[in-house]
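Accompanying notes for the structure given below.
What follows draws every value from the coordinates through simple rules; no lab data is involved. Keep in mind that this is a model prediction, so the values were computed, not measured. All Cβ positions, even for glycine, are placed from backbone atoms using ideal geometry, and neighbour counts span all protein chains on display.
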Amino acid sequence: MFSETDLHIHSTFSDGVMSPAELVMAAEQIGLRNIAITDHDSVDGVPLAAAAGYKRGINVIPGFELSVDWRGSDIDLLGYAVDVSQQALVHELNERHLKRLERVRRTLDILAKEGVQLDWDDVAAIGGEGAIGRPHIAWAMMRKGYVASVEEAFSMYLGQDYAANVPSDAKLSLPDGIALIHKAKGVAIIAHPYMPELPEYLDINEILPEALDAGIDGLEAYYTGYTVQRTAQLVGLAKRYDLIVTGGSDFHGGNQLPHCKLGAVNVPSECVAALWDRSSTGKPESDAF
């Protein structure tokens, strides 16, 4: 059974495989009424999705995903209802994009020394118009026959504690990331706050005090793989601290997170109203940009 709402979707403007317009068409086909394009470090796909959504009667909420630093570990934030034309936001995302490209170049240099010969064009051809990153390197490695899967690329070369895992210097602190979203008139949400299968898993209860001090607005309580009990726990935590909840599939398409299916997470439509109520601008009359 598919939901009518999916607020965590990636397009070709980051590491997804479908264009914003293709995502809107796919959403229409399965009955989605509310979606958010949440590309990594980019809002460039939002206007295209909003225009397509306007024609097809689908509400497109402007958003993006941002990786921030908390005590030396990564945390992902989702920024919703942001002003995609806000210059401070556009400038910061552009700077992060340039740093991502430099990180990719450094990674390719290290891989070459490890016997993995990839050209920039090999990776760029996969990333296309999006924000090129380690997943695209992994796909290029697979295409060239160096590994059998994306997972193998990370487990042998690109993952934490491996030679080609170049540390990112593009990350903001948790408070600065929240402030960036708020400055763009957006709503700041902690993405997938419960991911125990990851080796760097952090307890949301440890993060929350500092996040609350910085003005966090909510938690992503509905997410691919979450049990009913886990969602209820996160919803209860949000209520305790007067936070809103959101949710989505984290859909990328292709071989990237293949278990994350578009619209497959049951996200209550009430999450959309709560999100707009929490925003500083309120719901626009038109979702077309």
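Among 239, 183, 171, which one shows the highest mean-square fluctuation when the chain is modelled as a Gaussian network with alpha-carbon springs under 10 Å?
With Cα springs under 10 Å in the chain, the top fluctuation among 239, 183, 171 is at 239.
Springs between alpha-carbon pairs under 10 angstrom, Gaussian network model over the chain: which of 221, 21, 188 fluctuates most?
Checking each option, the largest mean-square fluctuation is seen for 21.
Quick one: length gained pulling residue 33 to residue 149 fully straight, 0.36 nm per residue minus the C-alpha distance? Can you show the working numbers first?
Values: separation 116, 0.36 × 116 = 41.76 nm, distance 3.40 nm.
Answer, rounded to one decimal: 38.4 nm.
Size of the dipole of the chain about the Cα centre, Lys and Arg at +1 and Asp and Glu at -1 on the beta carbon, nothing else charged, in debye to 20? Don't skip to the answer; put the middle values down first.
On the way: 23 positive and 41 negative charges, 66 e Å.
Magnitude of the dipole: close to 320 debye.
Can you run phi through the Karplus equation (6.51, -1.76, 1.60; θ = phi - 60°) for segment 59-75 and list ³J(HN,Hα) in whole Hz, with x for Gly and Pro?
Per residue, the Karplus-derived 3J(HN,Hα) values read 6, 10, 8, x, x, 6, 10, 9, 8, 10, 9, 9, 6, x, 10, 8, 10 Hz.
Roughly speaking, what is the stretch gain from residue 69 to residue 106, that is 0.36 nm per residue apart minus the C-alpha to C-alpha distance, in nm to one decimal?
Values: separation 37, 0.36 × 37 = 13.32 nm, distance 2.08 nm.
Here the segment from residue 69 to residue 106 would lengthen by 11.2 nm.
If you count, for each residue, the other Cβ atoms within 10 Å and average over each peptide, how do 51-64, 204-217, 108-121 line up from highest to lowest? Mind showing how you got there, number by number?
Details: 51-64: 20.7, 204-217: 16.1, 108-121: 13.8.
Going from most to least packed, we get 51-64, 204-217, 108-121.
State the three equivalent ellipsoid semi-axes of segment 97-158, derived from the C-alpha gyration tensor as the square roots of 5 times its eigenvalues, in descending order and whole Å. Please list the in-between numbers first.
Working: eigenvalues 57, 32, 21 Å².
Taking √(5λ) for each Cα gyration eigenvalue gives 17, 13, 10 Å.
What's the exposure ranking of 155, 42, 19, 11, going from fewest to most Cβ atoms within 10 Å? Don't jump to the answer; show the numbers that get you there.
Working: 155 12, 42 24, 19 19, 11 29.
Fewest-to-most Cβ neighbours within 10 Å comes out as 155, 19, 42, 11.
Enumerate the calculated ³J(HN,Hα) couplings along segment 265-273 in order (Karplus 6.51 cos²θ - 1.76 cosθ + 1.60, θ = phi - 60°), each rounded to whole Hz, writing x wherever the residue is Gly or Pro.
9, 7, 9, x, 5, 4, 4, 5, 4
Want the number for residue 51 to residue 276: 0.36 nm per residue separation, take away the alpha-carbon distance, what's left? Intermediate values should be presented prior to the final figure.
Numbers: separation 225, 0.36 × 225 = 81.00 nm, distance 1.93 nm.
Taking 0.36 nm per residue and subtracting the Cα distance, the gain is 79.1 nm.
For the chain, what value does the Rg/Rh ratio take when both radii are computed over Cα atoms and Rh is the Kirkwood radius, given to two decimals?
On the way: Rg = 18.3 Å, Rh = 19.2 Å.
Rg divided by Rh gives 0.95.
Have a look at the DSSP beta bridges in the chain and tell me what percent are antiparallel, nearest 5. Before the final figure, lay out the partial values.
Values: 12 of 30 bridges.
Of those bridges, close to 40 percent are antiparallel.
Given N residues in segment 1-104, what is its alpha carbon radius of gyration divided by 2.2 N^0.38 Å?
On the way: Rg = 14.2 Å, N = 104, 2.2 N^0.38 = 12.8 Å.
Taking N as the residue count of segment 1-104, the ratio is 1.10.
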